[in-house]
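Asks: There's a structure below that I have some questions on.
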Amino acid sequence: METGVDWLTINASGFFDTISFLLESIIMLLVDVFKWMPPAAPILLTAAIAWWLHRSVSLVVFIIAALLLILNLGYWQEMLETFVMVFSATTISVLIGVPLGIMAAHRPWVYTLMRPILDLMQTVPTFVYLIPTLVLFGLGVVPGLISTIIFAIAAPIRLTYLGVTRVPEELIEAGKAFGANRTKLLYKVELPAALPSIMAGITQCIMLSLSMVVIAALVGADGLGKPVVRALNTVNISQGFEAGLAIVLVAIILDRLCKAPNSKEVS
């Protein structure tokens, strides 16, 4: 492993520097856009999205109160940085993980090859990911982002695979009887039937990404993890509790937004 990382550091440093520059530029651009907005704009936008998705007054009130509490605690900027990193890691994980899960469901040999790799990614301690990514990408937000993607991408792959493989055979046969080809069968039958499992994978991916916030702060990533690490180093109980509370509120907001609305909320 050391020989491989040393070889990449010597022979592919330009490639990793380019990837690091591009990812960091995109993340910083998104953070700057959110920082440019007055706090009321993201709060009202999040509340509007919650109302559009769930039609729940209690959820809208909770989201507004939670975001106002984070603003009052003085962690608004850190919360925006955390949200951008979680959003970026989740987006990349889903864009890669869902197609891989579909491919594995249609080709069993692919899942046979992927399963030990996924087991390894979910079992290896998260701190271990930081060592090679820190060497290859340098100090900053990028090694934290890459480590978060490696840690979280297994969830959408596994749950997409599970959802597609558990589509009732009757639905597939009905689609074939109506003349659907493989592409239409995928988009019209399999994906709609597997959507609850896929959405569960996305929600789990968000939670796993958020759980890496504190660990990513150890390699220079900004966000709510930094005050937690600072509180740990100075044994500041109140600061650690405040930052931890902000992380919990962000996690609850994202979890409630991504969950499928139940019939009571829709009515």
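The values are calculated or read from the model by the stated rules, or taken from the named source; none is laboratory data. Computed from a prediction, not measured in an experiment: that's the story for all the values here. Reconstructed Cβ throughout: ideal geometry from the backbone, glycine too, with neighbour counts over all protein chains shown. Just so you know, the surface numbers come from the protein's heavy atoms only, side chains and all, with ligands and any DNA or RNA stripped out. Shrake-Rupley method; radii C 1.70, N 1.55, O 1.52, S 1.80 Å.
Asks: Using alpha-carbon pairs under 8 Å, 6+ residues apart, how would you state the relative contact order of region 32-128 in percent? Each step should come with its number before you reach the end.
Replies: Numbers: 28 pairs, mean separation 16.5, N = 97.
Over region 32-128, the number comes to 17 percent.
Asks: Could you name the lysines whose alpha carbon sits less than 29 Å from that of Lys259, not counting residues in the same chain fewer than 8 places away?
Replies: Leaving aside lysines fewer than 8 places away in the same chain, those within reach of Lys259 are Lys35, Lys184, Lys188, Lys226.
Asks: Rounded, prolate or oblate: pick one for region 35-187, where a ≥ b ≥ c are the square roots of the eigenvalues of its C-alpha gyration tensor, a/c under 1.5 means rounded, and failing that, prolate if a/b is larger than b/c, else oblate.
Replies: Details: a/c = 3.02, a/b = 1.33, b/c = 2.27.
Oblate.
Asks: Follow-up question, since we're still on this one. Between region 164-192 and region 67-90, what is the C-alpha centre distance in whole Å?
Replies: Cα centres, region 164-192 to region 67-90: 41 Å.
Asks: Say we join alpha carbon atoms closer than 10 Å with springs in a Gaussian network model of the chain; which of Ser211, Ser147, Ser25 then has the biggest fluctuation?
Replies: So, out of Ser211, Ser147, Ser25, the one fluctuating most is Ser25.
Asks: Report the relative contact order of the chain, percent, no decimals, based on alpha-carbon pairs under 8 angstrom and at least 6 residues apart.
Replies: Working: 287 pairs, mean separation 64.8, N = 267.
Answer for the chain is 24 percent.
Asks: Helix hunt in the chain: which complete DSSP H runs extend at least 18 Å axially by C-alpha with mean Kyte-Doolittle at least -1.0?
Replies: Working: long enough: 13-36 (34 Å, 1.31); 40-54 (21 Å, 1.47); 57-73 (24 Å, 3.00); 76-106 (44 Å, 1.22); 108-123 (22 Å, 0.35); 191-211 (29 Å, 1.44); 237-258 (32 Å, 1.62).
Length and hydropathy pass: 13-36, 40-54, 57-73, 76-106, 108-123, 191-211, 237-258.
Asks: Can you work out the FRET efficiency for the pair Lys176 and Arg55, with r the C-beta to C-beta distance and R0 = 30 Å, to the nearest 0.05?
Replies: Values: r = 37 Å, r/R0 = 1.23.
That gives a FRET efficiency of 0.20.
Asks: Per residue, how much accessible surface does region 17-98 expose to a 1.4 Å probe? Answer in Å², no decimals. Write out the running numbers ahead of the final one.
Replies: Numbers: 4430 Å² over 82 residues.
With all protein chains present, region 17-98 gives 54 Å² per residue.
Asks: Now for a separate question. Quote the accessible area belonging to Thr3 in square angstrom, nearest 10, computed with a 1.4 Å probe and with ligands, DNA and RNA left uncounted.
Replies: Near enough 110 Å² of accessible area.
Asks: If I compute solvent accessible area with a 1.4 Å probe over the protein chains, what percent of it on region 80-192 is carbon and sulfur?
Replies: On the way: 4100 of 5810 Å².
Roughly 71 percent of what the probe reaches on region 80-192 is carbon or sulfur.
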